[in-house]
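Structure record follows, encoded as structure tokens.
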Amino acid sequence: MGEWLEATVTEKIRWNDGLFSLRFEAPLPDFKAGQFVRVGLDIEGERLARPYSLVNAPGETPHEILFNIVPEGPLSPRLARLEAGGALFVHSSVTGTMTMERTPGHRHLWLFSTGTALGPFLSMLKTDGPWQRADRIVLCHSVRRAADQVYDTVIRELLERHGKRLTFVPLVTREVVAGALHARITSALEAGDIERIAGMALRPEDAHVMLCGNSDMIESVQQWLAGRGLRRHRRREPGDVTIEKYH
Ligand SMILES: Cc1cc2nc3c(=O)[nH]c(=O)nc-3n(C[C@H](O)[C@H](O)[C@H](O)COP(=O)(O)OP(=O)(O)OC[C@H]3O[C@@H](n4cnc5c(N)ncnc54)[C@H](O)[C@@H]3O)c2cc1C
């Protein structure tokens, strides 16, 4: 269901050689923070589309996606070549279950992201939803290099607005960067570093966890969480862990 909508790029942010945000105008319907939209280009007469999470909050315009170039991928290198004024297509059915509305309320919300999967969490954190449901929120963002650390202004604004209720834990795996953990998320959990920085334990009594990004991180963190007694959340079988795999 739904239809393809024409969209116009209003701005391209080039974070580094392989990492971009595209802002675009399109008559998308209302959506929930954390959801994704199919973005497409016509290539050799065929529409090629992939899902991308919206970084903007509901009601905020222009719309925005964050993506990296997958060199062998058919769509992402072409998206990266778009400039302001360029045309793309977005599908009107914005969807996805990694939303506050689908998540049981808990005192502590733990958000773990790799790379471009920071985007949907920023969309959520800009809304009131998570702050009405949780006392404390821990946002972890793991990247390979310092140059992949994006949206620092948005994160700083969130930290200023929410004070001690928000803890941001940056992780950089392939470089030593001041202020960031030099470890993968799972290793940092195993070492107790993330709980130490957050100043609280991650436990099923008061936590809900969202995992977004690459499958390796999601699977290994899920395993670690299972050891702590946290189980996957499903609509028919409520649990503690919501996941969204990008690749
Ligand atoms: C629900 C959902 C939401 C998504 N949201 C985003 C988003 O907000 N931002 C974003 O950058 N991507 C996102 N993706 C991935 C995105 O849809 C594309 O797969 C990606 O941009 C590559 O597109 P492509 O056509 O160039 O290559 P594809 O043909 O899609 O993929 C080529 C290969 O690269 C792998 N791959 C896919 N994405 C990545 C990646 N980011 N890094 C390394 N390898 C990758 C695939 O598994 C595949 O093996 C999302 C995927 C899903 C399922």
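Here are a few things to note about the model shown:
- Top-ranked residue in segment 1-32 [being under 24 Å from K245 (Cβ atoms) and assigned to a loop (DSSP other than H, G, I, E, B); ranked as nearest to the ligand (Cβ to nearest atom)]: G18
- Scope segment 23-48; condition among the aliphatic types (A, V, I, L, M) and surrounded by fewer than 17 Cβ atoms within 10 Å (Cβ to Cβ); matching residues: I43, L48
- The lone exception for Q149 - which of (1) within 15 Å of the ligand (Cβ to nearest atom); (2) modelled with pLDDT of 95 or more it fails: (1)
- Look at (1) open to solvent by less than 20 Å² (accessible area, probe 1.4 Å); (2) under 26 Å from Q132 (Cα atoms); (3) more than 9 Å from the ligand (Cβ to nearest atom) and you find that I65 fails only one, number (3).
- Qualifying residue in segment 33-49 (condition: among the aromatic types (F, W, Y) and in a loop (DSSP other than H, G, I, E, B)): no
- Here segment 42-52 is the region considered, the condition is being touching a residue at least 40 places away in the same chain (Cβ under 8 Å) and more than 10 Å from the ligand (Cβ to nearest atom), and the residue that is farthest from G2 (Cα to Cα) is D42.
- Some residue of segment 115-124 being within 14 Å of the ligand (Cβ to nearest atom) and open to solvent by 10 Å² or more (accessible area, probe 1.4 Å): yes
- Pairs where the first residue, in segment 53-66, is in contact (Cβ under 8 Å) with a residue 12 or more places away in the chain and the second is near the ligand (Cβ under 8 Å from one of its atoms) and of a type in the set (D, E), C-beta under 9 Å, 6+ apart: S53/E244
- V138 among the β-branched types (V, I, T) and assigned to a strand (DSSP E or B): yes
- Enumeration of residues in segment 143-168 that are touching a residue at least 12 places away in the same chain (Cβ under 8 Å), farther than 14 Å from T116 by Cα and under 17 Å from the mean Cα position of the chain (by Cα): V154, I155, L158, L166, T167, F168
- Meets criteria (surrounded by fewer than 19 Cβ atoms within 10 Å (Cβ to Cβ) and within 22 Å of F67 (Cα to Cα)) for D216: yes
- Qualifying residue in segment 91-105 (condition: in a strand (DSSP E or B) and modelled with pLDDT of 95 or more): yes
- Criterion: among the acidic types (D, E), more than 16 Å from the ligand (Cβ to nearest atom) and exposed (fewer than 13 other Cβ atoms within 10 Å of the Cβ) - qualifying residue of E160, E190, E195, E175: E160
The values are calculated or read from the model by the stated rules, or taken from the named source; none is laboratory data. From a predicted model like this one, the values you see are computed outputs, not experimental measurements. As a convention, Cβ positions derive from the backbone with ideal geometry for all residues, glycine included, and neighbour counts pool all protein chains shown. Ligands, DNA and RNA are stripped out before the accessible areas are found, and what is left, the full protein with its side chains, is counted by its heavy atoms. Shrake-Rupley method; radii C 1.70, N 1.55, O 1.52, S 1.80 Å.
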